[in-house]
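**Student:** Below you will find the structure I want to go over with you.
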Amino acid sequence: MDNIKTGVFIKELRKEKSMTQKELADLLHITDRAVSKWERGLCTPDISLLEPLAAALGVTVTEIISGERQKTEKYTDEIDLAVKNTITYSENEIIQKVKAVKKRMLAYMISAFLILLLLIPTLNGILGGNGFAWECIPAYYCAQNAAKAVQTYDEEAIQTYIGNSDGVFTALSGLKDQGVILREASAKFSRTRLEDMFLLVEVDFIVMYEEINYQFTCSGTYNNGQIEFMNIVNPSFGQDYPTWMLQLSDALSTYNPG
């Protein structure tokens with residue numbers, strides 16, 4: 001297809017029909033800029049538009065492609081039909097290729113996801129602990145639920161996800177009444193690890209007291225489907241801590257080494 005020749009032909013046919021570029025474009029559900037580009041020879045119509053374009057201009061698809069009216073009888077309706085069939089076949093081929101590409105991409109994405117699913121717990125155990133750590137996955141989710149339970153002061157969830165949790169809800173509620181408010185708590189999967197045959201988790205707490213936010217990291221262990229938290233501060237190091245901070249540490253501490 002000659003861009004210039006076809007473009008001039010389309011322009012002549014459009015004018016014969018007393019149509020503007022926009023009117024032709026509206027018939028084909030495209031923009032008038034596309035029609036303008038055709039007529040200037042900058043590009044040719046998409047293969048899917050040849051048949052509706054020919055119908056709108058009152059010519060055959062063969063004439064659109066050749067860029068001129070056919071002057072002899074040898075270009076019959078059968079030839080034009082063959083051209084249309086060829087266009088339809090080409091369109092179907094494109095559709096099938098696009099579908100094949102999409103299927104391959106989906107297969108690649110699924111494969112990558114499965115590989116990632118296999119590697120993440122393995123790498124987590126190797127980089128953050130001492131070996132393969134599939135168990136880190138339930139430990140992490142339990143730590144997330146425990147963190148949410150503490151943040152929302154949900155007594156039932158505290159008992160469900162935190163081991164040795166007797167008194168935790170009462171202690172946290174009492175601290176809240178004193179103005180010690182747990183604003184945010186979240187576990188980090190990257191810090192959930194298998195170490196010395198213990199499943200260890202870490203939960204970050206943001207606590208507000210007297211309009212000041214404090215951030216703490218609390219370690220814990222995962223056992224029998226529950227998290228047991230350790231002290232967030234250790235006064236044995238010789239550092240003085242505010243009373244409320246020691247109370248919070250005691251309230252969260254549920255770890256039983258025995």
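All of the numbers you see were taken from the coordinates with simple rules; none came from a lab. On a predicted model such as this, the values are computed, not experimentally measured, just so you know. Cβ sites come from the backbone with ideal geometry, for glycine too, and all protein chains shown count toward neighbours.
**Student:** With the crude spin-label approximation of a point 7 Å out along Cα→Cβ, what separation in nm comes out for residue 209 versus residue 36?
**Tutor:** 7.0 nm
**Student:** If you average 1/r across every pair of different Cα atoms in the range 136-252 and take the reciprocal, what Kirkwood value do you get, in Å?
**Tutor:** Values: mean 1/r = 0.0700 Å⁻¹.
This gives a value of 14.3 Å.
**Student:** If R0 is 41 Å, what FRET efficiency do you get for residue 18 and residue 101 from their C-beta distance, rounded to 0.05? Walk me through the numbers before you get to the answer.
**Tutor:** Values: r = 43 Å, r/R0 = 1.06.
In this case the efficiency is close to 0.40.
**Student:** Next question. Convert each backbone phi in the range 37-53 into a coupling constant with the Karplus relation 6.51 cos²θ - 1.76 cosθ + 1.60 (shift: θ = phi - 60°), then list the ³J(HN,Hα) values in order as whole Hz, x for Gly and Pro.
**Tutor:** Per residue, the Karplus-derived 3J(HN,Hα) values read 5, 4, 5, 8, x, 7, 7, 10, x, 5, 4, 6, 9, 4, 5, x, 5 Hz.
**Student:** Right, here's the next one. For 12, 63, which order do you get if you count the other beta carbons within 10 Å of each Cβ and list the fewest first?
**Tutor:** On the way: 12 15, 63 20.
Result, fewest neighbours first: 12, 63.
**Student:** Using a simple spin-label model with points 7 Å from Cα along the Cα→Cβ vector, what separation in nm is obtained for residue 55 and residue 69?
**Tutor:** 2.2 nm
**Student:** Okay, moving on. Along the range 148-165, what does the Karplus equation 6.51 cos²θ - 1.76 cosθ + 1.60 (θ = phi - 60°) give for ³J(HN,Hα), rounded to whole Hz, x for Gly and Pro?
**Tutor:** Whole-Hz 3J(HN,Hα) from phi for the range 148-165: 5, 4, 5, 5, 8, 6, 8, 4, 5, 5, 4, 5, 6, 9, 10, x, 6, 8.
**Student:** On to the next question. So who's got an amide H within less than 5 Å of the one on residue 184, skipping anything under 5 residues away but keeping other chains? H placed 1.01 Å off N, in plane.
**Tutor:** The list, which skips near neighbours in sequence, is 206.
**Student:** Place a label point 7 angstrom from the Cα of residue 198 along the Cα-to-Cβ direction, then list the residues of the range 211-248 whose backbone nitrogen is under 12 Å away.
**Tutor:** Within reach of a label on residue 198, which here means backbone N under 12 Å from a point 7 Å along Cα→Cβ, the range 211-248 contributes 219-223, 228-231.
**Student:** For the range 3-78, what are Rg and Dmax over the alpha carbons, in angstrom?
**Tutor:** 11.7, 35
**Student:** Along the range 204-217, what does the Karplus equation 6.51 cos²θ - 1.76 cosθ + 1.60 (θ = phi - 60°) give for ³J(HN,Hα), rounded to whole Hz, x for Gly and Pro?
**Tutor:** Rounded to whole hertz, the list is 8, 10, 10, 10, 9, 9, 6, 6, 10, 8, 10, 10, 10, 10.
**Student:** Given R₀ = 30 Å, FRET efficiency for residue 244-residue 135 by Cβ-Cβ distance, to 0.05? Intermediate values should be presented prior to the final figure.
**Tutor:** On the way: r = 35 Å, r/R0 = 1.17.
After rounding, the FRET efficiency stands at 0.30.
**Student:** If you don't mind, there's one more thing I want to ask. How much length, in nm to one decimal, is gained on full extension between residue 234 and residue 110, taken as 0.36 nm per residue of separation minus their Cα-Cα distance? Intermediate values should be presented prior to the final figure.
**Tutor:** Details: separation 124, 0.36 × 124 = 44.64 nm, distance 4.67 nm.
Here the segment from residue 234 to residue 110 would lengthen by 40.0 nm.
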